[in-house]
Amino acid sequence: MKKVNKQKLLYVLTFVVAFCSIAYELALGQALSLFLGNTILRFSVTIGIYMFAMGVGAMIAEGEIVKRKTISFMTIETLLVVIGGFSPIFLFFAHSFLGEGMAFLILALFLILIIGILTGFEIPLLMALNIQDKKNNNEDGKILGIDYLGAFVGSLVFALIFYPKFGLLQTTFFIGFLNCIVGIIFYLQWGAKEKKQYFIKKLFGLQICLFLVLAMTFVFAEKINEMMINIYLK
């Protein structure tokens with residue numbers, strides 16, 4: 001693939017990861033409002049903690065994290081798929097066992113915080129990948145702009161299309177599915193060229209497994225939702 005195409009691909013991946021990240025957080029905010037009520041409070045706290053955590057992630061993403069940018073990015077995307085894609089299920093079972101107490105709220109805030117920190121890692125890594133070619137030294141503004149655009153589109157699509165059409169569970173499965181595609185494409189374009197392949201190949205294999213699992217859960221989301229409701233009512 002030519003460098004110009006590689007750069008454009010990086011912009012597309014930047015857009016998609018920002019899209020997925022904000023959608024995960026909105027899904028968590030919606031789940032919390034369903035379990036605990038007070039929608040304005042839940043969404044305000046969720047987005048506030050998310051922005052704070054992104055800043056923390058961006059500040060601490062240095063040293064080995066940026067130096068080993070390929071393996072770091074794949075690790076982050078894998079974690080985001082697992083935590084974000086299945087976050088409503090985590091909250092459902094936590095609420096079933098813990099109720100509406102402080103332990104449940106702490107777990108929910110922890111999920112929000114972790115997703116935010118991992119998202120904060122992404123931008124420095126994407127910028128580092130972007131400037132591997134010295135000709136791209138002035139392109140960081142584009143990475144930031146595309147990231148903001150992806151978050152904007154993600155928030156609109158979640159609120160206007162995904163949640164009304166698919167509901168919470170199926171939406172997060174689909175967002176996780178998109179996130180898996182990012183990880184797979186990233187491996188094929190960047191990860192496969194790394195010298196140390198053992199751990200990267202393990203992550204790639206895990207991404208493939210998650211891709212298949214999320215595809216199946218998306219298809220059978222309604223049945224999974226019914227099963228979870230039956231468990232909750234018991």
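The values are calculated or read from the model by the stated rules, or taken from the named source; none is laboratory data. This one's a predicted model, so the numbers in the text were calculated from it and none came from an experiment. Virtual Cβ from ideal backbone geometry, glycine too; neighbours counted across all protein chains shown.
Structure values in brief
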| item | result |
| --- | --- |
| Subset of segment 66-79 [within 18 Å of the chain's Cα centre (by Cα) and either at pLDDT below 80 or of a type in the set (Asp, Glu) (or both)] | 77 |
| Where a residue in segment 159-184 is in contact (Cβ under 8 Å) with a residue 24 or more places away in the chain and its partner, wherever it lies, is outside any helix (DSSP H, G or I), with Cβ under 8 Å and at least six apart | 172/86; 176/86 |
| Residues (at pLDDT 90 or above and small (Gly, Ala, Ser)) located in segment 167-216 | 167, 176, 183, 205, 215 |
| Qualifying residue in segment 130-148 (condition: of a type in the set (Gly, Ala, Ser) and touching a Lys or Arg at 6+ places or on another chain (Cβ under 7 Å)) | no |
| Qualifying positions in segment 26-65 - among the aliphatic types (A, V, I, L, M) and surrounded by fewer than 16 Cβ atoms within 10 Å (Cβ to Cβ) | 34, 36, 40, 41, 51, 56, 59, 60 |
| Flag for residue 14 being under 18 Å from the mean Cα position of the chain (by Cα), more than 12 Å from residue 126 (Cβ to Cβ), in contact (Cβ under 8 Å) with a residue 24 or more places away in the chain and in a helix (DSSP H, G or I) | no |
| Qualifying residue in segment 55-65 (condition: of a type outside the set (Lys, Arg), under 25 Å from residue 210 (Cα atoms), modelled with pLDDT of 95 or more and part of a helix (DSSP H, G or I)) | no |
| Subset of segment 18-44 (residues that are free of Cβ contacts under 8 Å to residues at least 12 places away in the same chain and within 21 Å of residue 175 (Cβ to Cβ)) | 33, 39 |
| Any helices (runs of 4 or more DSSP H) falling wholly within segment 138-234 and containing at least 2 residues that are within 24 Å of residue 5 (Cβ to Cβ) | 140-157, 163-189, 198-219 |
| Residue 148 in contact (Cβ under 8 Å) with a residue 24 or more places away in the chain, more than 19 Å from residue 85 (Cα to Cα) and surrounded by fewer than 16 Cβ atoms within 10 Å (Cβ to Cβ) | yes |
| Residues located in segment 182-196, provided they are surrounded by fewer than 17 Cβ atoms within 10 Å (Cβ to Cβ) and either over 21 Å from residue 10 (Cα atoms) or among the β-branched types (Val, Ile, Thr) (or both) | 185, 196 |
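Residue-by-condition table, conditions (1) assigned to a helix (DSSP H, G or I); (2) under 22 Å from residue 181 (Cβ atoms); (3) among the aliphatic types (A, V, I, L, M):
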residue	(1), (2), (3)
72	yes, yes, no
84	yes, yes, no
88	yes, yes, no
104	yes, no, no
115	yes, yes, yes
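A quick yes/no check of all residues on (1) closer than 21 Å to residue 167 by Cβ; (2) crowded, with 16+ Cβ neighbours inside 10 Å:
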| site | (1), (2) |
| --- | --- |
| 202 | no, no |
| 205 | no, no |
| 220 | yes, no |
| 224 | yes, yes |
